[in-house]
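Q: Structure provided below as structure tokens; questions to follow.
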Amino acid sequence: MAYDWISVTTDYGLRDGFVAACHGVIARLAPAVRVIDVTHEVPPQDIRHGAMALAQTVPYLPESVHVAVVDPGVGTTRLGVVVVAEDGLLVGPDNGLLLPAAQALGGVRAAYELAEPSLRLPATSATFHGRDVFAPAAAHLALGVAPSDFGDPVDGLVAMPEPFVAAFPGKLVSEVLTVDHFGNVQLAATPADLELSGLSGAVTVHSERVAVSTVLGRTFADVPAGASVLYTDSAGRLAVAVNGGSAAAVLGLGPAQECTITSSPTAT
């Protein structure tokens, strides 16, 4: 099956030429295929952030080959893989980055190692598999090369640990999943977890550094400028925002840290 679209997600940033090199490889091999950049601003080596960014975006993209590269283990024994999902293909390192997106695309049907030398660049750098292995693989897949042509089947893809969430009566503890460009703090917890805790109305959000009175709301303007709101974000997760400001800065929270929510003015 051929694809008209390739999406690209990396932690490469835009200061260097890494993204352009990947685009160039795709354009040389598959010039008619169109490319969508999901993001290149994943925090360096933050696999979970990259996985969440991709998984929360792919349901809104056309059926595509999705390349994702957040790869601290580049050049080691970690595998490069193509994952066949119900509604698309995913290419990247086997380090947990691809599985959430595969689930968002209907689940994993098969996976294959990217081992065939003829389907990568002739000279392969030990530190730039995005250009030399993953971009060529995506281009060949978009042109209709079968995933099974790349190498042996891979069983037991690497999965990231599940983020921590615990709901107690009057208390919800959640790991931070991501912090976006605006400083909004996305939690692993969902509205269902909040319902289990029985929390409603005014709550207090606690980090290790500070406790902030917060209102349960629907959108940012439900609170005055500078005040915080706990809401359900566009991905269906609980999130904390400050109207006109950065919740991450106010709370001192970042990815993988824990956040506790209690009834106001109850302290932990």
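The values are calculated or read from the model by the stated rules, or taken from the named source; none is laboratory data. Note that the structure is a prediction, hence the values are computed from the model and not measured. So basically every Cβ, Gly included, is an ideal-geometry build from the backbone, and we count neighbours across all protein chains shown. Remember, those area values only see protein heavy atoms, side chains included, never the ligands or the DNA or RNA. Shrake-Rupley method; radii C 1.70, N 1.55, O 1.52, S 1.80 Å.
Q: What's the angle, to the nearest 10 degrees (0 to 90), between helix 18-29's Cα axis and the longest principal axis of the chain?
A: Result, in degrees: 40.
Q: Give the distance, in whole Å, between the Cα centre of region 21-70 and the Cα centre of region 102-176.
A: Cα centroid of region 21-70 versus Cα centroid of region 102-176: 12 Å apart.
Q: Shifting gears a bit: Between Ala27, Ala55, Ala146, where does the largest GNM mean-square fluctuation fall for the chain, given springs only between Cα atoms within less than 10 Å?
A: Per the Cα network of the chain with a 10 Å cutoff, Ala146 tops the list.
Q: A further question follows. Take Ser263, Ser207 and sort them by solvent-accessible surface of the protein heavy atoms, 1.4 Å probe, largest at the top.
A: Order by accessible area, largest first: Ser263, Ser207.
Q: Moving on to the next point. Tell me the net charge near Val158. Cut-off is 14 Å between Cβ atoms, Val158 excluded, with +1 for each Lys or Arg and -1 for each Asp or Glu.
A: It works out to a net charge of -3.
Q: What is region 157-208 by shape, rounded, prolate or oblate, if you read a ≥ b ≥ c off the alpha carbon gyration tensor as root eigenvalues and call it rounded for a/c under 1.5, prolate for a/b larger than b/c, and oblate otherwise?
A: It comes out oblate by the Cα gyration axes.
Q: Right, another one. Tally the DSSP beta bridges in region 57-113 and give the antiparallel ones as a percent, rounded to 5.
A: Working: 11 of 14 bridges.
Percentage antiparallel, nearest 5: 80.
Q: Rounded, prolate or oblate for region 1-105? Axes are the square roots of the Cα gyration tensor eigenvalues, ordered a ≥ b ≥ c, and the cut-off for rounded is a/c under 1.5.
A: Rounded shape, in that the Cα axes give a/c under 1.5.
Q: How high is the FRET efficiency between Asp4 and Ala225 when r is their beta carbon distance and R₀ equals 41 Å, given to the nearest 0.05?
A: Values: r = 44 Å, r/R0 = 1.08.
Calculated value: 0.40.
Q: Could you tell me the relative contact order of region 29-121? Use alpha-carbon pairs under 8 Å, at least six residues apart, and round to a whole percent.
A: Values: 142 pairs, mean separation 25.5, N = 93.
Relative CO of region 29-121 lands at 27 percent.
Q: Express in Å², to the nearest 10, the accessible area of Leu238 obtained by rolling a 1.4 Å probe over the protein heavy atoms while all chains stay in place.
A: Approximately 0 Å² of Leu238 is accessible to the 1.4 Å probe.
Q: Something else about it: Between rounded, prolate and oblate, where does the chain land on the alpha carbon gyration tensor, with a ≥ b ≥ c its root eigenvalues, rounded for a/c under 1.5, else prolate if a/b exceeds b/c?
A: prolate
Q: May I pose another question? Looking only at Leu194, Leu97, Leu89, which one moves most when the chain is put into a Gaussian network model with springs between Cα atoms under 10 Å?
A: It is Leu194.
Q: Also, quick follow-up: For the pair Glu116 and Tyr60, how long in nm is the line joining their label points, each one 7 Å along Cα→Cβ?
A: 3.4
Q: Can you give me the % of accessible surface on the chain that is carbon or sulfur? Probe 1.4 Å, all protein chains present, nothing else counted. Please list the in-between numbers first.
A: Working: 6640 of 12230 Å².
Exposed carbon and sulfur together represent 54 percent of the surface.
Q: In the Gaussian network model of the chain, springs joining C-alpha atoms below 10 Å, which of Glu258, Glu86, Glu162 carries the largest mean-square fluctuation?
A: Evaluated over the chain, the most mobile residue of the options is Glu162.
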